[in-house]
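Here is the structure we will look at.
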Amino acid sequence: MTYLDAAATTRVDPRVAEVVLHWMTEDFGNAGSRTHGYGSRAKRAVQQARQYLAGTFDADPDELIFTSGATESNNIALLGLASRGEQSGRRHIITSAIEHKAVIEPLQHLQSRGFEVDFIEPGLSGRVSVDAVMGRLRPDTLLVSLMHVNNETGVVQPVVELAERLGETQTFFHVDAAQGYGKLPQDLTAPIDLISVSGHKIGAPKGVGMLIARDRGFDELPLQPIMFGGGQERGLRPGTLAVPLIMGLAEAAKIFQKDHAQWSRSAAELRTRILDALAKTRFHIHGDQDHVVPHILNLSFDGVDAEALIVRLKEHVAVATGSACTSASYTPSHVLTAMGLPEELASNGLRLSWFPSQAADLDADELADMIVQMQPDPA
């Protein structure tokens, strides 16, 4: 079976697994233990990992908070700013209707606390315009939250330009970079206040991620903790640091950075191979293909039910209808619906996503032939 669901998760790189195992079974100390070498080695290793990873954002090491992944990072970023909004009377938030549920649901919680949230619909391009965001900015706008790369369509959002524009205002800017980290590295060196990342999208283990919380000049970002106990990670993410996972994240990031150019070329070549093979089918690509990462495709096929297609393909390729958090439900994609696609297309979007090394054995022609067999003859 060929794995085409890398937007959900990737396989842990064997080199990363070796590092994780070392910190689980040999240097297994608690980074908070100060009385022996095991703890000292763990603490030093975490400091080195923090310094390297912060550098991938052009951030200071003390601006990086280790978390369990982008979902937790999103919650700390969004809910952690709520007190500032309530104290200052700035209760307006701007986001998009195509965000991951890990952003939408915390914002819905803030709505229940009296915040006003604008959900911008991007249109058929799947790309939110800078003007649409800036046009909704108000004196009481506390925050703009916009994802880097959409997890269903792969469309890249204009986070760099927005960071520059919002940096001239009092409004904070949060970016969910779960899908974009490592793939478009320069984007995330822009002056974005808050960036959420998951490790398992780049070959690191599940259960580890980061939150970049940049200070603006001499002003410390006014985040308040949403959990308590221990004071680790600037008091924003208490609990024993997962040293093996942190070291795995750092190793995965190093490998991905070293291999990035080849990864991008291989991902684009596989995309071309897939689209060339699918030319014999009748399909629609969803999202602006001029602003897209090379490893995610969202398509629907004329006359073909996406769930039936997945069943047909299940012995050959691993694919999904959308986010791994919502693909178990057979409702239309909220992303494709927000883009204005008719229900027939929004209900039948198929997401193909890949790491080239994990999909090199794909027989694209066989995939296309199976789809052709399911398509009714054109009228």
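We did not get these values from a lab; they are worked out from the coordinates using the rules stated. Quick caveat, the model's predicted, so the values are computed rather than measured. In this analysis, Cβ positions are derived from the backbone assuming ideal geometry, glycine residues included, and neighbour counts consider all displayed protein chains.
Things worth noting here:
- Between Pro378, Val304, Gln358, the Cα set farthest toward the positive side of the dipole of the chain (charges on each charged residue's Cβ, about the Cα centre) is that of Gln358.
- Hypothetical label at Asp60: residues of segment 191-212 whose amide nitrogen lies under 20 Å (7 Å Cα-Cβ projection): 191-196, 210-212
- If R0 is taken as 22 Å, the Cβ-Cβ distance between Thr240 and His22 corresponds to a FRET efficiency of 0.75.
- Spin-label pair Gln87/Ala132, simplified geometry with 7 Å Cα→Cβ offset, distance in nm: 3.4 nm
- Within the chain, longest stretch free of exposed chymotrypsin sites (Phe, Trp or Tyr not before Pro) [DSSP loop, at most 16 other beta carbons within 10 Å]: 29-217
- DSSP-loop GluC sites (Glu not before Pro) across segment 180-262, with at most 14 other Cβ within 10 angstrom: Glu220
- The loop-placed GluC sites (Glu not before Pro) in segment 15-95, going by DSSP, that have at most 10 neighbouring Cβ atoms within 10 Å of their Cβ come out as Glu26.
- Length released on extending from Lys258 to Asp140, taking residue separation times 0.36 nm less the Cα-Cα span: 38.2 nm
- The chain: C-alpha gyration tensor shape, a/c 1.5 cut-off, then a/b vs b/c: oblate
- Modelled FRET efficiency - R0 30 Å, Arg312 with Arg265, Cβ distances, 0.05 increments: 0.45
- Here the sum of -39500 (n - 2.57) over DSSP H runs of 4 or more residues, divided by the residues of the chain, equals -11000 deg cm²/dmol at 222 nm, to the nearest 500.
- In nm, spacing of pseudo-spin labels at Arg11 and Gln170 (7 Å Cα→C-beta vector): 5.3 nm
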